[in-house]
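Worksheet: the structure to be examined is printed underneath.
Read the figures in this text as sums done on the coordinates, not as results from a lab. As the structure is a prediction and not an experimental result, all values here were calculated from the model. Heads up, the Cβs are rebuilt from the backbone with ideal geometry, glycines too, and the neighbour counts pull from every protein chain shown.
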Amino acid sequence: WAFCDGQLLPISTNSALFSILGTTYGGDGRTTFALPDMRGRVSVHPGTGSGLTRRTLGQMFGSEDVALNHIVGGTATAEAQSVPQPGILDAIIRLFTNGGDDTCLTTTECPAPPPPPLNSPPSPPPLPANVLSVDVSDLTIEHESSSNVQPSLAVNHIIALQGIFPSRS
């Protein structure tokens, strides 16, 4: 028996196990192959199910921590000029980050909004560019991570190094 900890084994002394695992979990395939590395991981079945993402044998995925970005610091102020037109004034200010480095403040930098649903009321005409100004100079983006771990129990995964070779039928 051996722990499933990603260790490399020689093919010469473990040929039966190598014929089952191959280099799915690592190794050079000439002199060594690797056991699965289950340290800090849960196992999932390869393939796909209804509404699930396809997973291949040996694929490692997921993350213990997820990066969260939020705006901290000063306040955003907006100034709007009066519009001599009756109706609804819709103004959307989109402020988000792209990769945690860039800030999107203008419609030329931001992706276009999704189209309105069918049978929705017509949109008001666009406002002149100088109708709305936003000052966000005091705002900063704060990056932190959040744990993304499900309730778990740490156990050892083991694999047989010797035994009866599985039948080919």
Open item on the list: For the stretch 50-61, give me the residue count where each residue is touching a residue at least 12 places away in the same chain (Cβ under 8 Å) and loosely packed, with under 10 Cβ neighbours inside 10 Å.
Closed with: 1
- [ ] Residues being among the aliphatic types (A, V, I, L, M), touching a Leu at 6+ places or on another chain (Cβ under 9 Å) and part of a loop (DSSP other than H, G, I, E, B): count how many of those fall in the stretch 11-39.
- [x] 1
TODO: Any chance you could count how many residues in the stretch 33-64 are among the acidic types (Asp, Glu), under 29 Å from Ala16 (Cβ atoms) and under 17 Å from the mean Cα position of the chain (by Cα)?
DONE: 0
